[in-house]
Amino acid sequence: MKPPIDRLIENLNYAIVGKHAAIRLVLVSLLSGGHALLEDVPGVGKTLLAKSLARSIDGQFQRIQCTPDLLPTDVTGTNIWNPQEAKFQFLPGPIFANVLLTDEINRATPRTQSALLEVMEEGQVTIDGTTHLVPNPFFVIATQNPVEYQGTFPLPEAQLDRFGISLSLGYPNEEEELQMLQRLQFGGTLQTLQPCITLLEVEELRRRCAQVKVEPVLQQYILALVRATREDEEVTLGVSPRGTVALQRATQALAFLEARDYAIPDDVKFLAPHVLCHRLIPSGGRNAKAIVHRLLHTIPIP
């Protein structure tokens, strides 16, 4: 039998046509203990990716369609009065899932967005002074449309910092889109997709990723990249220490996906734009991705 990680990659590649790089990035986020932010136009397969991942790991899937009138309790759940037992009873919200898709997260108000802060960092929610643990593993895939800004609320820096990786699926090429049509003619793949690993195996994969060796010289390279964002004259707000940790953990996960027990500089170079860009605020309307790419060409590679 194939190793669990190979079975998971194969399952997702079967469900999602032609998005091998995006799938690897989402898995890097999952295995490094982070969350993923998908910035893309509608209809490119974001929901399909989230559902396929949940089904592949045999986990519970929940979806939240964010709107301006969405309340924090619509996300976390609330206490309701049970007249038969004469006491309040906790009614869990959709946040209690293994894979949570928050669609168009920037359409929710800042108050509702803040309901995700505690759970994304600590895996728990506190309601009326009582702490409730969410299922483990807990993985958030949030989406936002980078083109349409009317009626949206930009994510605050503290919220963006909770996402391990940001990425875009993009449009399929002509061959991939034709393959999608051919599959649709014979029935959808999501209905036939079967679990290929268990939640316990996901936890084991996370433990193995955390054991991947990162040499001190590579840690210095990660530090140099992050600290350069704080000192760059084109950046108003640089990457936080949480971003430093996220970059190292993501590097370990990518090395593991590449069947290595050690990380290399190319892992850091590949992941830096996906881990750092959404965490920094450029000055004067400059492009965050261009800044990170410039720093990657400026800082010496160990």
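The numbers here are math on the coordinates, done by the rules we state, and not lab data. Being a predicted model, the structure only gives us computed values, none of them experimental. A quick note on method: Cβ atoms are made from the backbone with ideal geometry, for glycine too, and the neighbour counts reach across all protein chains shown.
Things worth noting here:
- The chain, dipole about Cα centre (Lys/Arg Cβ +1, Asp/Glu Cβ -1), debye to the nearest 20: 340
- Qualifying chymotrypsin sites (Phe, Trp or Tyr not before Pro) in the stretch 93-163, where qualification requires a DSSP coil assignment and no more than 16 other C-beta atoms within 10 Å, comprise Tyr149.
- Highest-fluctuation residue, His20, His274, His35 considered, GNM on the chain with Cα pairs under 10 Å: His20
- Residues Met1, Met180, Met120 arranged by fewest to most Cβ contacts within 10 Å: Met1, Met180, Met120
- For the chain, a Gaussian network of Cα nodes joined below 10 Å ranks Gly238, Gly285, Gly170 by mean-square fluctuation, and the top entry is Gly285.
- Pairs beyond 22 Å (Cα-Cα), from Lys2/Lys269; Lys19/Lys269; Lys269/Lys289; Lys213/Lys269: Lys2/Lys269
- Gln220 paired with Gln179, simple spin-label distance in nm, labels 7 Å along Cα-to-beta-carbon: 4.4
- Neighbour cut-off at most 10 other Cβ (10 Å), DSSP loop, GluC sites (Glu not before Pro), the stretch 182-240: Glu233
- Relative exposure of Leu296, Leu37, judged by other C-beta atoms within 10 Å (fewest first): Leu296, Leu37
- For the chain, with +1 on Lys and Arg beta carbons and -1 on Asp and Glu, the positive-most of Pro172, Leu247, Thr67 along the dipole: Leu247
- Structure-derived Cα extents along the principal axes in Å - corresponding label in (1) 49, 44, 43; (2) 64, 41, 41; (3) 68, 46, 40: (3)
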